[in-house]
Amino acid sequence: ATKVIDVAGASNVLINNADITLSKNSAVTTMGISVSANSDNVVINGSDIDVSSASQGLVWNEDSTGNWYSTLAASAVVVDDSTNVKIANGSIKIQNTTSNLTGTTMPALTITSGASNVEVYNNTINATGAQYNYGIMCNDYVSNLDIKYNRVNVTGEMYTAGMDVSTSTSSEVKYNNITATSSNSSVLASGSEALSYGIVLATYQVHNNNNV
């Protein structure tokens with residue numbers, strides 16, 4: 001597992017003008033910056049984060065109380081179960097290093113597991129190379145997101161989305177420039193429909209839990 005910068009359970013952290021390039025060809029945890037474990041007041045500013053990873057699948061797990069949560073091993077930046085996080089004025093990129101596409105998910109920025117008060121401002125965000133590609137992916141009951149003035153470009157074979165904010169509440173998404181392109185080539189098995197979305201905001205059900 002590789003996390004170039006791992007902020008876990010920390011407070012008042014400034015990551016300024018970092019230049020991160022990470023490449024992995026095997027299916028292991030691959031993250032440029034991880035903010036997790038109830039970290040608070042974390043700023044990532046003016047940083048260039050470029051991650052090349054073997055594409056991997058999104059896995060859903062059930063905890064002891066019957067709630068479901070997702071785990072994903074590859075993302076350029078992850079904000080997980082943390083508060084008051086600002087990501088601004090940088091470049092965030094993820095791409096696939098292997099030929100494997102089927103059933104894989106590759107987000108540049110992942111906000112997940114109850115994270116709240118997260119600001120994503122004035123970044124260039126790029127994702128490509130999996131079956132499911134996201135510029136920004138939000139999972140598992142996140143709230144109070146402020147996503148503005150970002151330039152997002154997502155390309156892929158089948159499914160691309162600039163942002164998926166389906167599980168977020170009390171959030172604002174404004175003034176972003178989003179391009180999502182699905183090539184619809186013959187790489188994937190027949191029956192896989194090519195879809196592209198700028199912003200996904202949907203109600204869906206996962207094992208009797210409604211996420212909005």
In debye, nearest 20, what is the charge dipole magnitude of segment 1-134 about its Cα centre with +1 on Lys and Arg Cβ and -1 on Asp and Glu Cβ, if you could check?
-> 280
Chain lengthening between Asn61 and Ala37 when straightened (0.36 nm per residue, less Cα-Cα) | 6.9 nm
Could you state the accessible area per residue of segment 20-130 in Å², with a 1.4 Å probe and every protein chain left in place?
-> 35
For the modelled label position 7 Å from the Cα of Glu119 along Cα-to-Cβ, which residues of segment 138-168 have backbone nitrogen atoms closer than 13 Å?
-> 145-149
With at most 14 neighbouring Cβ atoms within 10 Å, loop chymotrypsin sites (Phe, Trp or Tyr not before Pro) (DSSP) excluded, longest segment of the chain = 1-148
Links that overshoot a 21 Å alpha carbon limit, given the list Lys24/Lys86; Lys93/Lys148; Lys24/Lys148 | Lys24/Lys86; Lys24/Lys148
Distance between modelled label sites at Ala194 and Thr102, nm, 7 Å Cα→Cβ extension | 2.0
How far, in nm, would the chain grow between Tyr175 and Asp48 when pulled straight, counting 0.36 nm per residue and subtracting the alpha carbon separation?
-> 43.6 nm
Can you tell me how much longer the chain between Ala10 and Asn184 gets when fully stretched, taken as 0.36 nm per residue apart minus their C-alpha distance, in nm with one decimal?
-> 58.3 nm
Label model pair Leu201, Thr71: point-to-point distance (7 angstrom along the Cα→beta-carbon line) in nm is 3.2
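The values are calculated or read from the model by the stated rules, or taken from the named source; none is laboratory data. The structure presented is a predicted model; accordingly, all values stated were derived computationally and were not measured. For neighbour counting, all protein chains shown are included, and Cβ atoms are generated from backbone atoms with ideal geometry for every residue, glycine included. Just the protein is used for accessible areas: all its heavy atoms, side chains included, with ligands, DNA and RNA removed. Shrake-Rupley method; radii C 1.70, N 1.55, O 1.52, S 1.80 Å.
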